[in-house]
Each structure stands twice: as C-alpha cells, then as structure tokens.
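Have a look at the structure below, then the notes.
The values are calculated or read from the model by the stated rules, or taken from the named source; none is laboratory data. Everything numeric here is computed off the predicted structure, so don't read it as measured data. Here the Cβ positions follow ideal geometry from the backbone for every residue, glycine too, while neighbour counts run over all protein chains shown.
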Amino acid sequence: MDPSGFDLLKTAVLLLDEDLRVRHANTAAEEYFGLSRRQLEGMDGAGLIGGVPSVVKVPLRGAPWAWLYEIPVRATLLDDRQHAHADQAAQRESLRNLAHEIRNPLSGLRAAAQLLEAELDDPGLRDYTGVIIAEADRLVELVERLVSSQRHGLEIRCFNIHEVCERVHTLLDAEYGRRIEIVRDYDASVPEVRADFSRVLQALLNVARNAAQALTENPGIPSPRLVLRTRVGHQLVLPRRQVRMGLVLSVIDNGPGVPEALRDKIFHPLLTGRAQGTGLGLSLAQEFMQQHGGLVEFDSRPGHTEFRLILPMEPL
C-alpha cells in the first residue's frame, strides 16, 4: 500500500503499528495536530487522539500497519469562519462610523482647552488643561487607528516572508531581548508570497508584540520564550474558501495563555485583557490577514499559546 495517496484527502489520517505508534501521517494530519510528519512518527497514537471527537479506527490486515485512524474535518468549519469573518467586519465598520462621528467633537474639545490654557495665569490650572489636551490627543490617535486600516488599497508585490520575520525579530530583540528568549524557526523551502509587505509586517508585529507583552507582564514565568515559525500548510480552511496550500506564520509563547473569558471575542476591536492595552493590535492583524483572503487563528493553554497568521498561496 502506497500511503502517499492519503495526502489527497481532506481528513487527517494516521497509520499505526501494533503498539499504536504512529508510522505515517498525511498532510491533513500535520495541519490538524500542528506537527510535522517527522515529529508525529513514533508518537503514541492513543495519547495523540485522546479527547479528539469522531475518530474512525479501522484495523488493517495484510498491510505494513495494524491500524488506520481517521479524523474527519468538520463540514461546518468553513461556514463558522465565514460567519466569524462577517461578524468581525460588521463590528469594525460600526466602530469606524462611530470614530468618524467622534473626531469633530474631539477637535473642538482640544481647541477649547488650548484657548482656555492661553487665558489662565495659574500654572496649577494650566496643568488641568494640559491633561485635557493630552487625553484629547490620545483619543484622536485611537480614532485614527480605527479608521486608517481601509484608507488605502493593498499594495501587492512578491517578497520573501523571512524578510518580514527578520524585521519583526529585530524590533522585538531591541525592545524585549534582555527579558525573553526570541527564537527563529524558519522553513527555508517556503516560496515567495504575493501580498502587501507593510500590512503583513504590521500584522505579525502586532501579534508578536502582544505575545512578548504577555510574557514580560507576568514575571513568574520561568525562561520566557517566544518563537517565530514559518511553515507551508496544506488543505487550509480560510474565511472565503478552502485552499490547497498556504503560508502558516506562527508566533508561539510559553506564557499564561489567553483567558477563557476572552477566547471567543479576542479579535473584537477595543477588547483587551491588558491594563495598558488598546484592544486594536489583534483586531487589526485579523483585518489585514482577511484583506488578503487569510486569517489569524490561535490555540492556547497555560504554558503554550500559538497564534497562526495564514495567507493563501493561490490567487483569489
């Protein structure tokens, strides 16, 4: 039996020996478990699929393997992602409309505070007007970030994704390098991508900086570590369609994980679990990926959180 034919299937397939050790995994299984074929081989199959629903177990006779395990892809996954994409887009549009309405009153508030400051002789009172001006400026900046993501169209060109990774690595190393370990795990075989360089860079930087902040704001983490990883993914389910091949750009950290209360709405704009956060970083990263037909997804548990930025490698 030639196992290469299993790579054509959308379902995850594992071939196991009599000791229930994995001897072969198809490409869908690599995507499902987030591990390479080489990493999966030799693993305990029973432990690997523990808790996985709807596993089909088929005994094999007259073959080099004793068991075939099949994990069907949920038929509703594409629908789920399309609905999530539509919901997030509607929320962002509502906030943009609100932001446009807020800008003019903010400008008037700031101008009035400046005029009042010019009339005041008491330095103590001018401190209060300074606070009003500074807070108005902060709100204006927040509003600009809300409305600016669709101000210009995508500027598509071909580039090596590792240029983006190296730029982000340099920025993170300068800001956090003394406090956390930053690891590169690149797949040199990843082909060039056609995308908007600056938006992919900003999306990755937002996600990676969010992970670095989670590590540095929780001082009890032993050996805080952040990994930038690139892989080619197969049979990927994206918001608009399923694609045969795409880029999977992962940011992995060993921090406390995403709080349970935030998991279903972590990409909603203005939602944050951090005291100093604005709630725009992950929302904008998701929007930039969706503008390319991709998405940001994540898996998280205490000690291991992985955000995956996925770009299709097929034309829309």
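The residue pairs whose first member lies in segment 1-17 and is under 18 Å from residue 41 (Cα atoms), whose second member is modelled with pLDDT of 80 or more and part of a loop (DSSP other than H, G, I, E, B), and whose beta carbons are closer than 6 Å, counting only pairs six or more residues apart or on different chains, are 1/63; 6/26; 7/26; 13/26; 15/65; 17/66. Return the only residue of 41, 70, 117 being at pLDDT 85 or above, surrounded by 12 or more Cβ atoms within 10 Å (Cβ to Cβ) and under 30 Å from residue 138 (Cα atoms). On inspection, the qualifying residue turns out to be 117.
Yes/no per residue for (1) aliphatic (A, V, I, L, M); (2) part of a helix (DSSP H, G or I):
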site: 10; (1), (2): no, no
site: 13; (1), (2): yes, no
site: 18; (1), (2): no, no
site: 31; (1), (2): no, yes
site: 39; (1), (2): no, yes
site: 58; (1), (2): yes, no
site: 62; (1), (2): no, no
site: 65; (1), (2): no, no
site: 68; (1), (2): yes, no
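Within segment 282-291, identify whether any single residue is surrounded by 19 or more Cβ atoms within 10 Å (Cβ to Cβ) and either part of a loop (DSSP other than H, G, I, E, B) or at pLDDT below 80 (or both), and answer yes or no.
No: segment 282-291 contains no residue that is surrounded by 19 or more Cβ atoms within 10 Å (Cβ to Cβ) and either part of a loop (DSSP other than H, G, I, E, B) or at pLDDT below 80 (or both).
Whether a residue is assigned by TED's automatic domain parsing to the domain that holds residue 218, out of contact with any His (no Cβ under 8 Å at 6 or more places or on another chain) and either over 14 Å from residue 203 (Cα atoms) or at pLDDT below 90 (or both) was assessed, and residue 297 does not pass this test.
Taken as a whole, the condition of being basic (Lys, Arg), touching a helix residue (DSSP H, G or I) at 6+ places or on another chain (Cβ under 8 Å), modelled with pLDDT of 65 or more and in a helix (DSSP H, G or I) does not apply to residue 92.
Can you work out which of the residues in segment 130-156 that are of a type in the set (D, E, K, R) and either surrounded by 14 or more Cβ atoms within 10 Å (Cβ to Cβ) or at pLDDT below 75 (or both) is nearest to the chain's Cα centre (by Cα)? It comes out as 145.
Hey, could you check segment 209-241 for residues that are over 18 Å from the mean Cα position of the chain (by Cα) and hydroxyl-bearing (Ser, Thr, Tyr) and say which is surrounded by the fewest Cβ atoms within 10 Å (Cβ to Cβ)? If we take residues in segment 209-241 being over 18 Å from the mean Cα position of the chain (by Cα) and hydroxyl-bearing (Ser, Thr, Tyr), then 223 is surrounded by the fewest Cβ atoms within 10 Å (Cβ to Cβ). With respect to the stated conditions, residue 75 fails to be within 30 Å of residue 286 (Cα to Cα) and either surrounded by 15 or more Cβ atoms within 10 Å (Cβ to Cβ) or modelled with pLDDT of 90 or more (or both).
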